[in-house]
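What follows is calculated from the coordinates using simple rules that are stated; it is not laboratory data. Owing to the predicted nature of the structure, the values given are computational and were not obtained by experimental measurement. When we count neighbours, we look across all protein chains shown, and the Cβ atoms used for this are built from the backbone with ideal geometry, even at glycine.
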Amino acid sequence: MTLGFYPGCSLKGSSREYAESVLAVAKAFDVEIEEITDWNCCGATAAHNLNKELSLALPARILSLAEKQGLKEIVVPCAACYSRLTVTKHELSKDPLLKATVIEANGLDYSGSVSILNIIQMLDKYITPNLGGRVVKPFDHKVACYYGCLLVRPHEILKFDREEDPQSMDILMLKTGATPIDWAYKTECCGAGLSVSRTSSVGRLSGKIIEDAKDRGAEAVIVACPMCHSNLDMRRDAINTFLGEKVDIPVLYITQALGLALGIDRKKLGLQRHFVKVTV
Amino acid sequence: MSKIGVFVCHCGENISATVDCAKVAETASKYDGVAFSVDYKYMCSDPGQSLIKSAIAEKGLTGVVVAACSPRMHEPTFRKACAEAGLNPYMCEMANLREHCSWVHEKGEATTEKATDLVRILVEKVKYNQSLNEIRVPVTKTALVIGGGIAGIQASLDIANTGHKVILIEKDPSIGGHMSQLSETFPTLDCSQCILTPRMVEVAQHPNITLYTYAELESLEGFIGNFKAKIRRKSKSLDEKLCTGCGLCTTKCPTKKIPSEFNEGLGNRPAIYVPFPQAVPNKPVIDRIHCTYYTKGKCRICEKVCPTQAIRFDQEDQIVEVEVGALVIATGFNIKQTDFFPEYGYGKYPDVITGLQFERLASASGPTLGEIRRPSDGKIPEKIVFLACAGSRDPAKGIPYCSKICCMYIAKHAMLYQHKVHSGKSYVFYMDIRAGGKMYEEFVRRAIEDDGVNYIRGRVSKIYEKNGKLIVNGADTLLGAMPIEIEADMVVLATAGIANDGAEELAQKLHISYDPYRFFAEAHPKLKPVETNTAGIFLAGACQAPRDIPESVSMASGAAVKVACLFSQDELTREPIIAVVNRQAPPAYSSCVGCFLCVSACPYQAIEKEEIRNRNGELIKSIAKVNPGLCQGCGTCVAFCRTKSIDIQGYTHEQMYTEVLALLNEY
């Protein structure tokens, strides 16, 4: 079966290494991936602050296109996109009137039949069951798995993992040979969109995350969200200013860490694209 | 030929404002069988009732229809009036013109027409009414009290002091309940055990009270005045008559590391144990789940050391059957444990404790002998944080209600801490301070003003451990939601008060209802707070909702008075609105064919088999028979009966059918 792929804007731009590593890992396990044709913006944070219908119509269009393309299942690696798509599916399933409005606005059929996977669900479904013997270079490091806000919230809609103390990434990393640490900032805010408008706030918020990971001996932070990554990685200068010291713990996408364990070439995983040098 | 009187009430303007009462009365006077019809401003008043009485006497009425308010309001009034005039009270019916008509419709002809219809159907029904007599049942003047906490203790003592017998059962080895675990009590800070233990002893010594500890209700049958209860006395593995309570066995038992229930897991107890030194009865039980002899087949040290040879390893559970006239349910409550809170670490931090655990730390009889020492390393906490509403008032956690007792006990905890640790700092995170009660608000102010407890209005989002400290992240909403971070040594969660384990099963055994939170439901939230919907079963204390000590005690005394009222009569009378299986002349005897579907349908186990035999004792036929003492008149059997052989008295098939036909203007 072909797995649909919705990259969203980040995976084509600032976090293209996330896309590279997702595709590299999928290829290593012969998972057939097909990008949704003519996809559009998920609406991100902006749309649902301005207009509810628009914020649902945008993701609905993506799901309509996937249906049109004959896809039954899609993977959405960006946690924010995953949240928007899943929320849309949920809202439209319980409100037929809204669904009709959205269908009319998009001019595309929408049945709500496509199932949406986040990256952890995708890996758990297609990769980890076949992992036996494939881990050639165990990722033998202490890692802090950072979930951020959107991967596990709101629980009523996503029904994924435990919202206060998620475990899915930790369990996955354990299988790559890593030692996940028990730490306090798994789901704290990284500062998100304040990255541009109030970088110092991101320095403080992300700084506390990096500090706790460091204090508890983490050698790498593992993420599954482009926003989290850019704040923890690209804003490291602001973080170090806040912390008053230079902390060089690298931040890896879970697919990059997994890729390293599988022995995939570092370049194919895009590790050279990070701001904080990936030394692990 | 029927002679029916119709009495149309205006209910002041309640009915007459939208219904033309005079017209209703006039129309009714023309119906077949109506001998008298009149309208009046207040039919329930003395003159109104006299009108009915004199009409019965003068016109020789055989049936009465009062068209007024709901029968729930005044049916007893009018039936009594009829009885006083010599008419069987069950020959009186009420048409509900107020709730069913005038209150819900606009003024107009259609409204009057509907009122006329309502009167019409009752006139036709009453033609088929039959004289009925009240059912009389005897009363067993013994009460069964379930639960030996403060509520059960109070209820037992009060009932026993009225001269009636009480059987008190308690599931734990000792009575005392949660109150025995408490250190001091608000708002006076008097020692909980000091005020409780004399009452516990009084219970044990009272000539009218039979106490069964380590016992649970197995089943309950019967009805008000006549219950039959089976009590399971769990084996204590001990001959209580021989045991002197010397305690030697408990000191010699090699299995010592069992978390003590009484100390909320903060201390240990052996496998043969007395829960606490002041226990009543002060005799041990063997916990068979942990005892080495029961788990591994070896040991028997307690048996060897016992000076009176009181240990009985082969003792079995005993079922005691008792007959009682009333029950008081006082099974209490429980609290959510810390592992219910993922944001506070799923119970993995030993120094995040519950309020009940803090009580044990603060208690002189507790694991630290009353010193506030944190569980992890025994250090005296320099900074302590109390969180109110842990779970309570949180719909996302499934507990939208207020647990009520926490605001007060948290103030008490913080106060006790400040009294014991003078250099310490205490913080209370709260949503609102709910201190309604005599001297309660003053008590909280004392904590804040005299003892310097820092009250912060806001919630705590998260607690985590770092370098041996508990980092408490919260917000002060009185300072514009300013984030607050406290490095605490210990955190106390005022976790929600919840219904006790097994509350549903007990409710089902008792045939009483419970609310969505599994607390037992009172019959009326205001006017029947200690009654249940099942006659003869009363509630006391926190099994009905979270309650503090004074409320539990008041409620228990209230329930005790209800029991005493019941026991003041030798016989009870009940309404005869019950099911009956028809009987006919031989050779049919009854249209019942003996399929006994009704037996399985009856929720009250009120239907039994009756065997009809001839003079030689040979069985002719088996038919169903309704026990009038047990039947509650619900009508389920009527619906089930395939041959229409069962009727509810006063609501027979014939009467119902007649009503429908009257409504369709078939007369």
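Structure summary
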item: Under the Debye formula (equal points on every Cα, no solvent term), log10 I(q)/I(0) of region A:109-211 at q = 0.14, 0.20, 0.21, 0.22 Å⁻¹; result: -0.70, -1.11, -1.15, -1.19
item: Per principal axis, descending, Cα span of region B:402-483 in whole Å; result: 41, 29, 24
item: FRET efficiency estimate (nearest 0.05) - Cβ-Cβ, B:Tyr42 to B:Cys634, R0 30 angstrom; result: 0.30
item: Karplus (6.51, -1.76, 1.60) ³J(HN,Hα), θ = phi - 60°, over region B:391-401, in Hz, Gly and Pro reported as x; result: x, 5, 6, 10, x, 5, 8, x, 10, x, 7
item: Residue order, fewest to most surrounding Cβ atoms within 10 angstrom, among B:Phe186, B:Phe313; result: B:Phe313, B:Phe186
item: Relative contact order, percent, chain A [alpha-carbon distance under 8 Å, six or more residues apart]; result: 20 percent
item: Positive dipole terminus of region B:523-594, leading residue within B:Ser568, B:Val581, B:Ile537 (C-beta point charges); result: B:Val581
item: Cα-based Kirkwood hydrodynamic radius, region B:4-126, one decimal, Å; result: 13.7 Å
item: For B:466-474, mean number of other protein chain Cβ atoms within 10 Å; result: 1
item: Given charges at beta-carbon only (K, R positive; D, E negative), |dipole| of region B:4-126 in Debye; result: 240 debye
item: Rg/Rh (Cα only; Kirkwood hydrodynamic radius) as it applies to region A:136-273; result: 0.96
item: Sparse-neighbourhood loop sites, trypsin sites (Lys or Arg not before Pro) in region A:227-266 - DSSP loop, at most 16 other Cβ within 10 angstrom; result: A:Lys246, A:Arg266
item: Length-normalised contact order of region A:136-273 in % [C-alpha pairs under 8 Å, at least 6 apart]; result: 30 percent
item: Equivalent ellipsoid semi-axes, region B:156-294, via Cα gyration tensor eigenvalues times 5, rooted, Å; result: 27, 22, 14
item: Dipole moment magnitude, nearest 20 debye, region B:336-496 about Cα centre, only Lys, Arg, Asp, Glu C-beta charged; result: 280 debye
item: Radius, Kirkwood style, for region B:294-374 when every pair of distinct Cα atoms is counted (Å); result: 18.2 Å
item: Between region B:257-291 and region A:1-30, the alpha-carbon center distance in angstrom; result: 60 Å
item: Residue-wise HN-Hα coupling along region B:206-221, computed from phi with Karplus coefficients 6.51, -1.76, 1.60 (Hz; x: Gly, Pro); result: 5, x, 8, 10, 9, 9, 10, 8, 6, 9, 9, 6, 8, 7, 9, 10
item: Proxy reagent accessibility, fewest Cβ within 10 Å first, across A:Asp165, B:Asp20, A:Asp95; result: A:Asp95, A:Asp165, B:Asp20
item: GluC sites (Glu not before Pro) within region B:607-658: DSSP coil, no more than 13 neighbouring Cβ in 10 Å; result: B:Glu618
item: Amide hydrogen neighbours beyond the local backbone of A:Lys142, cut-off 5 Å, H modeled; result: A:Thr179, A:Glu219
item: Cα-based Rg of region B:525-645 normalised by 2.2 N^0.38 Å, two decimals; result: 1.52
item: Assigned charges on the beta-carbon of Lys, Arg, Asp, Glu; the protein assembly as shown dipole about Cα centre (debye); result: 1780 debye
item: Selection from B:Leu118, B:Gly247, B:Leu211, by position along the positive dipole direction of chain B (Cβ); result: B:Gly247
item: Residue-wise HN-Hα coupling along region B:648-660, computed from phi with Karplus coefficients 6.51, -1.76, 1.60 (Hz; x: Gly, Pro); result: 8, 4, x, 9, 6, 3, 4, 5, 5, 5, 4, 4, 5
item: Dimensions in Å of region B:336-496 - Rg and Dmax from alpha carbons; result: 14.6, 44
item: Cα-derived Rg over Rh, computed across region B:70-157 with Rh taken as Kirkwood radius; result: 1.26
item: Highest-first arrangement of B:239-245, B:208-214, where packing means the average Cβ count within 10 Å; result: B:208-214, B:239-245
item: In region A:1-73, GluC sites (Glu not before Pro) in a DSSP loop with at most 15 other beta-carbon atoms within 10 Å; result: A:Glu32
item: For region A:170-189 versus region B:400-419, the gap between their alpha-carbon centres in whole angstrom; result: 37 Å
item: Under 17 Å from A:Lys72, Cα to Cα: lysines that are on another chain or at least 8 residues apart; result: A:Lys89, A:Lys125
item: Dipole axis of region B:215-279 (+1 Lys, Arg; -1 Asp, Glu on Cβ), positive-most option in B:Pro275, B:Gly222, B:Leu238; result: B:Leu238
item: Tail beyond 13 Å, pair distance distribution of region A:172-239 (Cα, percent); result: 61 percent
item: Cross-link table B:Lys165/B:Lys562; A:Lys142/B:Lys469; B:Lys256/B:Lys404, entries beyond 25 Å C-alpha to C-alpha; result: B:Lys256/B:Lys404
item: Above-threshold pairs, the threshold being 29 Å between Cα atoms, out of B:Lys127/B:Lys621; B:Lys171/B:Lys252; B:Lys348/B:Lys379; B:Lys336/B:Lys425; B:Lys234/B:Lys336; result: B:Lys127/B:Lys621
item: Label-point separation, B:Glu303 to B:Ala481 (7 Å along Cα→Cβ), nm; result: 6.7 nm
item: As computed over region A:3-120, the Cα convex hull volume per residue (Å³); result: 92 Å³
item: Cross-link table A:Lys12/A:Lys137; A:Lys68/A:Lys99; B:Lys283/B:Lys509, entries beyond 21 Å C-alpha to C-alpha; result: A:Lys12/A:Lys137; B:Lys283/B:Lys509
item: Förster radius 56 Å - calculated FRET efficiency between B:Arg445 and B:Leu248 (Cβ-Cβ, nearest 0.05); result: 0.65
item: Amide H partners (placed H, <5 Å) of B:Val328, local residues excluded; result: B:Leu144, B:Val145, B:Ile146, B:Phe538
item: Cα-only Debye scattering, region B:254-321: base-10 log of I(q)/I(0) at q = 0.17, 0.27 Å⁻¹; result: -0.70, -1.32
item: Estimated translational D of chain A in µm²/s (Stokes, Kirkwood radius over Cα pairs; 4 °C; 1.567 mPa s); result: 68 µm²/s
item: Computed E for B:Arg288/B:Asn208 - FRET, C-beta separation, R0 25 angstrom, nearest 0.05; result: 0.15
item: Rounded to whole Å, sorted largest first: equivalent-ellipsoid semi-axes of chain B, Cα gyration tensor; result: 59, 35, 21
item: Debye intensity ratio I(q)/I(0), log10, region A:235-274, q values 0.16, 0.17, 0.18, 0.32 Å⁻¹ (C-alpha model); result: -0.50, -0.55, -0.58, -1.02
item: Separation between Cα centres of region B:1-57 and region B:119-133, rounded to whole Å; result: 16 Å
item: Stokes-Einstein D (µm²/s) once Rh is taken as the Kirkwood radius of the protein assembly as shown over alpha-carbon pairs, at 20 °C in 1.002 mPa s; result: 62 µm²/s
